[in-house]
Amino acid sequence: MKNIGLQLLSNCANLKNKEKAFVIDSGFCHGSVGVAHIFNRVYQLTKITKFKDAASFWYKETLNFAKFNNGYAGYMAYKDNWQPDLGLIQGVAGIGLSLMSATSTLAPKWDECFLLS
């Protein structure tokens, strides 16, 4: 079962296109930073560089989303239209936590509530 899961994740790591991956914004729930965080956690567990590369790609995409003058730190969430959001699920709190986790050698604890620890 573990091999099937890794193969599935490996196939997903090959997809580096926002439109084809249906990534519209940067939020943790369904956006680029959530994808990046998952690949980063898988890399931390497996040390397979393909996952590290995929995480890096999606973190860079997350930084590219910070382009809104009226968003928090340049970020907006897409919810039928673009809206500023401070929250963990779709907003800058989740983006910030994930970006901080990407730059730390410590395993994050905050993602336990999403069953990622």
Seminar exercise, completed: For the chain, longest principal axis from Cα atoms; helix 32-46 axis from its Cα atoms; angle between them, nearest 10 degrees, is 20 degrees
Problem set entry | Fraction of alpha-carbon pairs over 16 Å apart in the chain - percent | 57 percent
Problem set entry | Dipole axis of the chain (+1 Lys, Arg; -1 Asp, Glu on Cβ), positive-most option in Gly96, Pro84, Val35 | Val35
Seminar exercise, completed: With DSSP loop assignment and no more than 13 other C-beta atoms within 10 Å, the chymotrypsin sites (Phe, Trp or Tyr not before Pro) in the range 1-40 are Phe22
For this session: Using 0.36 nm per residue of separation minus the Cα-Cα distance, give me the extension gain between Ala66 and Cys29 in nm, one decimal.
Result: 11.6 nm
Exercise. Using +1 on the beta carbon of Lys and Arg, -1 on that of Asp and Glu, and nothing else charged, what's the dipole of the chain about the Cα centre, debye to 20?
Worked result: 420 debye
For this session: Could you grab the relative contact order for the range 22-117? Cα pairs under 8 Å, six or more apart, rounded to a whole percent.
Result: 28 percent
Problem set entry | Per residue accessible area in Å² of the chain, where ligands, DNA and RNA are left out and the probe is 1.4 Å | 61 Å²
Problem set entry | On Cα atoms only, tilt of 92-102 relative to the major axis of the chain in degrees | 30 degrees
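The values are calculated or read from the model by the stated rules, or taken from the named source; none is laboratory data. Owing to the predicted nature of the structure, the values given are computational and were not obtained by experimental measurement. No Cβ is skipped: glycine too gets one built from the backbone with ideal geometry, and neighbour counts run over all protein chains shown. Accessible surface areas use protein heavy atoms only, side chains included; no ligands, DNA or RNA. Shrake-Rupley method; radii C 1.70, N 1.55, O 1.52, S 1.80 Å.
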